[in-house]
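Asker: Take a look at the following structure, please.
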There are 2 protein chains.
Amino acid sequence: MNGKNNPEWHRNFRQRGLRITEPRKAILEVLNNTTEHLSAEEIYTEVHKTYPNIGLTTVYRNLELLEEMGIIAKFHFGDGRSRYELIQSPQKPGHHHHLICTGCKQIIDYDDFVDEEIELLNKVEQALSAAHNFQITGHTIQFYGICNSCRGNL
Amino acid sequence: MNGKNNPEWHRNFRQRGLRITEPRKAILEVLNNTTEHLSAEEIYTEVHKTYPNIGLTTVYRNLELLEEMGIIAKFHFGDGRSRYELIQSPQKPGHHHHLICTGCKQIIDYDDFVDEEIELLNKVEQALSAAHNFQITGHTIQFYGICNSCRGNL
DNA sequence: ACCTTAATGAAAATGATTTTCATTAACAAT
DNA sequence: ATTGTTAATGAAAATCATTTTCATTAAGGT
């Protein structure tokens, strides 16, 4: 059901003594096949189609797990719910950032200038590490705005 | 009680037909005198000391209002509650970004490299505006990491 | 001092996420 | 293949931040 990359996370899980379960397979399956930034409930709804027994709690629990394993990233786009994205998605560009329409809430992945952004981020990261004695683990860059069609609706 | 900058927001409010009320004065007073990034409840608690009649609802309502008036900014630092900061704070550097410790949740305002960051952000902003036909209204840059003492606690 | 109505506060409602707990099912050992 | 251990699950209840409702209060123009 989800091709050759199975072994990868299987091994990853087993090393930690974690089990390969149907809900886990189904959740990763959904994440693997979307270009969107799904919320827990949206993932639940999607998984539910092929695995009707799934519980929303299980989705939450596994998203938390996957996040701390570094397999998915959790985002806050200002709509009051967390959204999740596979860090290595077959459906997406590599390192990208997000552009959010505050009107219709659509989220656009962009990677124009990301190289430059990352270069600067690295520089800032080093400066901050040194100045504040932090071990930097991640960053967030987002742009907010109003898309073309939402502007029309004003 | 809060010096010479009163007239400023008073005028601002009155122009919109909004009233100058005790709760509003008290909330702005608190925001004016902190270097922290307070949540609604923290603001409520603080205001409550000098104005015990304040309601949490009123705090939320006014924070929303102040945000849409462009007087305060609302942030999400990943601890599940919104946090607020005066955009022009007498207690803070001008345009700054945030460094968050995921251990103890402390938030550090930094402005090293902010000029460079902003320069790049402007460039990206223009590119994104053009490419996606967006009218960009804001951005978020944050770094996450683990501070020195939290690293010790691991 | 009076009126109009914006603003408030308390309580209830909502919505996302977490916790609890009894049941189920992975999978290591047999 | 069968079994035993215990990680994982699902349902229901609990929690927590935020929003809504609605009757009351108080700004501030008259």
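The values are calculated or read from the model by the stated rules, or taken from the named source; none is laboratory data. Quick caveat: nothing in here was measured; it's all calculated off a predicted structure. A quick note on method: Cβ atoms are made from the backbone with ideal geometry, for glycine too, and the neighbour counts reach across all protein chains shown. Ligands, DNA and RNA are excluded from the accessible area calculation, which covers all protein heavy atoms including side chains. Shrake-Rupley method; radii C 1.70, N 1.55, O 1.52, S 1.80 Å.
Asker: Whose amide H sits under 5 Å from the amide H of A:ILE72, counting only residues 5 or more places off or on another chain, with H placed in the peptide plane?
Answerer: Close amide H contacts, sequence-distant or interchain: A:GLU67, A:ILE87.
Asker: So which residue of A has the beta-carbon closest to the axis that swings A onto B, and how many whole Å away?
Answerer: A:HIS76, 2
Asker: Quick one: label points 7 angstrom along Cα→Cβ at A:PRO7, distances to the other copies in nm, smallest first?
Answerer: Copy-to-copy label distances for A:PRO7: 7.6 nm.
Asker: For B:ARG151, A:ARG19, B:ARG24, what's the largest-to-smallest order of accessible area, 1.4 Å probe? Please report the intermediate quantities before stating the final value.
Answerer: Values: B:ARG151 70, A:ARG19 175, B:ARG24 45 Å².
Descending order: A:ARG19, B:ARG151, B:ARG24.
Asker: Still on this structure, please answer the following. Give the distance, in whole Å, between the Cα centre of the range A:66-96 and the Cα centre of the range B:113-138.
Answerer: 22
Asker: Please give me the summed charge of the neighbours of A:LEU18: other residues whose Cβ is under 15 Å from its Cβ, Lys and Arg +1, Asp and Glu -1.
Answerer: So the environment of A:LEU18 carries a net charge of +2.
Asker: Please work out whether the range A:31-91 counts as rounded, prolate or oblate from its C-alpha gyration tensor, where a ≥ b ≥ c are the square roots of the eigenvalues and a/c under 1.5 means rounded, while otherwise a/b larger than b/c means prolate and anything else oblate?
Answerer: rounded
Asker: Given the alpha-carbon gyration tensor of chain A, what are the semi-axes of its equivalent ellipsoid in whole angstrom, ordered largest first, with each equal to the square root of 5 times an eigenvalue? If you can, show how the numbers build up before the last one.
Answerer: Details: eigenvalues 164, 108, 39 Å².
Those come to 29, 23, 14 Å.
Asker: Distances from B:LYS123 to the same residue in each other copy, label points 7 Å out along Cα→Cβ, in nm, shortest first?
Answerer: 0.9
Asker: Distances from B:LYS49 to the same residue in each other copy, label points 7 Å out along Cα→Cβ, in nm, shortest first?
Answerer: The projected label point of B:LYS49 is separated from its counterparts by 5.4 nm.
Asker: Report, for chain A, the % of DSSP beta bridges that are antiparallel, rounded to 5.
Answerer: Numbers: 11 of 15 bridges.
Counting only bridges with both partners in chain A, antiparallel ones make up about 75 percent.
Asker: Step through the residues of the range B:95-108 one at a time and calculate ³J(HN,Hα) from phi using the Karplus curve (6.51 cos²θ - 1.76 cosθ + 1.60, θ = phi - 60°), rounding each to whole Hz and writing x for Gly and Pro.
Answerer: Per residue, the Karplus-derived 3J(HN,Hα) values read 6, 9, 10, 10, 10, 10, 8, 6, x, 8, 6, 5, 10, 10 Hz.
Asker: While we're here: Taking a probe of 1.4 angstrom, what is the accessible area of A:ARG61 in Å², to the nearest 10?
Answerer: Accessible area, nearest 10 Å²: 140 Å².
Asker: Hey, another quick one. Taking every residue in B:128-135, how many Cβ atoms of other protein chains lie within 10 Å of its Cβ, on average? If you can, show how the numbers build up before the last one.
Answerer: Values: counts 8, 3, 1, 4, 10, 6, 12, 7.
Counting other chains' Cβ atoms within 10 Å and averaging over B:128-135 gives 6.
Asker: Checking the table B:LYS25/B:LYS105; A:LYS105/B:LYS105; A:LYS74/B:LYS49; A:LYS49/B:LYS74; B:LYS25/B:LYS74 against a 25 Å threshold on Cα-Cα, which pairs fail? Walk me through the intermediate numbers first.
Answerer: Details: B:LYS25/B:LYS105 29 Å; A:LYS105/B:LYS105 28 Å; A:LYS74/B:LYS49 37 Å; A:LYS49/B:LYS74 37 Å; B:LYS25/B:LYS74 19 Å.
Table pairs above 25 Å Cα-Cα are B:LYS25/B:LYS105; A:LYS105/B:LYS105; A:LYS74/B:LYS49; A:LYS49/B:LYS74.
Asker: How large is the charge dipole for chain A, taken about the Cα centre, if only the Cβ atoms of Lys, Arg (+1) and Asp, Glu (-1) carry charge, to the nearest 20 debye?
Answerer: Working: 16 positive and 20 negative charges, 138 e Å.
Using Cβ point charges on Lys, Arg, Asp and Glu, chain A gives about 660 debye.
Asker: Using the Cβ atoms and a cut-off under 10 Å, what net charge is assigned to the surroundings of B:ILE141, where Lys and Arg are +1 and Asp and Glu are -1? Mind showing how you got there, number by number?
Answerer: Numbers: positive: none; negative: A:GLU117, B:GLU117.
That works out to -2.
Asker: With only Lys, Arg, Asp and Glu charged, each at its Cβ (+1 for the first two, -1 for the last two), find how big the charge dipole of the protein assembly as shown is about the Cα centre; round to the nearest 20 debye.
Answerer: Dipole size: approximately 1040 debye.
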